[in-house]
Amino acid sequence: MKREVKVFTKADNGRLSKVIEYDDGSRTEIPIHKDGSVKWFDDSKLLRETK
């Protein structure tokens with residue numbers, strides 16, 4: 001079974017992202033910096049302090 005995947009760069013109002021589009025039409029967008037490195041989400045914003 002042949003599977004096709006497309007990868008392209010998307011620029012939208014100054015925001016850059018890599019888009020991975022699968023043959024079934026689903027997409028994943030990964031935000032990137034201008035140098036191409038991945039913008040990682042700061043997990044510390046989600047962590048709760050234990051008391």
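Things worth noting here:
- Dipole magnitude of the chain, debye to nearest 20 (Cβ charges: Lys/Arg +1, Asp/Glu -1, about Cα centre): 80 debye
- Working value for the chain: equivalent-ellipsoid semi-axes of 29, 17, 9 Å, each the square root of 5 times a Cα gyration tensor eigenvalue, largest first.
- The chymotrypsin sites (Phe, Trp or Tyr not before Pro) of the chain meeting both criteria, a DSSP state outside H, G, I, E and B (loop) and at most 14 other C-beta atoms within 10 angstrom of the site's C-beta, are Trp40, Phe41.
- Restricting attention to the chain, the count of lysine pairs at 8 or more positions apart or across chains with alpha carbons under 26 Å apart stands at 12.
Read-outs: derived from the displayed coordinates by stated rules, not from any lab. The structure displayed is predicted, hence computed values, not measured ones. Cβ coordinates were reconstructed from backbone atoms using ideal geometry, including for glycine residues, and neighbour counts include every protein chain displayed.
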